[in-house]
Amino acid sequence: MGRVGVVAVVALWLSLMVGCSEKPVGAVVADTPRSDWNTPVTIAYTASDSLSEYNLGVVARVENGLFEEALALQVRLTAPSGRYFQSELQLWAENRHSGGSFTELRAEWIQKAQLIEKGDYIFTLTPMESISGVWTVGVEIEEARAE
């Protein structure tokens, strides 16, 4: 990974829960420089199941009191073959969860995505402008419920 601004990558694997509408698969987050984040952060996720559908979301942990409107990011998902999908995403303040000195902002990104290639997928999260006060950014991956 080795990109400027990435201090650490933490993989948080969540246990599967029977009876939920969505089964958590995991969340992967990376630290950002709190004083001035203006470079892409890359996060790797290894996919081994090419048949299941997943809901993909983005999460950010920010200092309390910041981002009363939205945090704007460019999000890119690159498949093992090099093919990619890219779009802009807004993490809105109304989707916040507070805890102590930080606030978590979340947004759904892609619903019912199939990761059809086995291997490492690379998520690249880039702020639309240089910002301060963002501690971490990451992706959340949940197995979508079959309808």
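The values are calculated or read from the model by the stated rules, or taken from the named source; none is laboratory data. Given the structure is predicted, the values throughout are model-derived calculations rather than measurements. Positions of Cβ are backbone-derived with ideal geometry, glycine not excepted, and every protein chain shown enters the neighbour counts.
Among the conditions (1) part of a strand (DSSP E or B); (2) at pLDDT 85 or above; (3) of a type in the set (Asp, Glu); (4) in contact with a Lys or Arg (Cβ under 9 Å, 6 or more places away or on another chain), the only one that residue 104 does not satisfy is (2). In region 14-26 there is no residue that is at pLDDT 90 or above, charged (D, E, K, R) and part of a strand (DSSP E or B).
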